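A short worksheet on the structure shown next.
The values are calculated or read from the model by the stated rules, or taken from the named source; none is laboratory data. Being a predicted model, the structure only gives us computed values, none of them experimental. So basically every Cβ, Gly included, is an ideal-geometry build from the backbone, and we count neighbours across all protein chains shown.
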Amino acid sequence: MNIGFPLDSALQGISKGLRDVNDSAAEIASAQQGHEAGPEGIARSLVNLYVAQSNVEASAQVVRATDEMLGTIIDTLV
């Protein structure tokens, strides 16, 4: 059984999600300093921030599930 694929995908998802969080936070900070046009930019960045947060949480669930599965396999074999 190869658990590498789900784990790799989850870690990539977490990494991308964290990059998206950082990008959204930078956009929000920039908008607060008056560099972005109007509240639409802030709203879009906030939505992107929440989407990125959800993606990180979902990827973390995959990591937890993979960890539990690996633990079960080890317990079964030992």
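One line per residue, one yes/no per condition, for (1) touching a Leu at 6+ places or on another chain (Cβ under 6 Å); (2) surrounded by fewer than 16 Cβ atoms within 10 Å (Cβ to Cβ); (3) part of a helix (DSSP H, G or I); (4) modelled with pLDDT under 90:
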{"residue": "14", "(1), (2), (3), (4)": "no, no, yes, no"}
{"residue": "17", "(1), (2), (3), (4)": "no, no, yes, no"}
{"residue": "26", "(1), (2), (3), (4)": "no, yes, yes, no"}
{"residue": "30", "(1), (2), (3), (4)": "no, yes, yes, yes"}
{"residue": "34", "(1), (2), (3), (4)": "no, yes, no, yes"}
{"residue": "48", "(1), (2), (3), (4)": "no, no, yes, no"}
{"residue": "52", "(1), (2), (3), (4)": "no, no, yes, no"}
{"residue": "56", "(1), (2), (3), (4)": "no, no, yes, no"}
{"residue": "70", "(1), (2), (3), (4)": "no, yes, yes, yes"}
Where a residue in the range 41-69 is closer than 16 Å to residue 12 by Cα and its partner, wherever it lies, is part of a helix (DSSP H, G or I) and at pLDDT below 90, with Cβ under 7 Å and at least six apart: 62/6; 63/7; 66/6; 66/7
If a residue must be of a type outside the set (Asp, Glu) and either touching a strand residue (DSSP E or B) at 6+ places or on another chain (Cβ under 8 Å) or crowded, with 17+ Cβ neighbours inside 10 Å (or both), how many such residues does the range 36-46 contain? 1
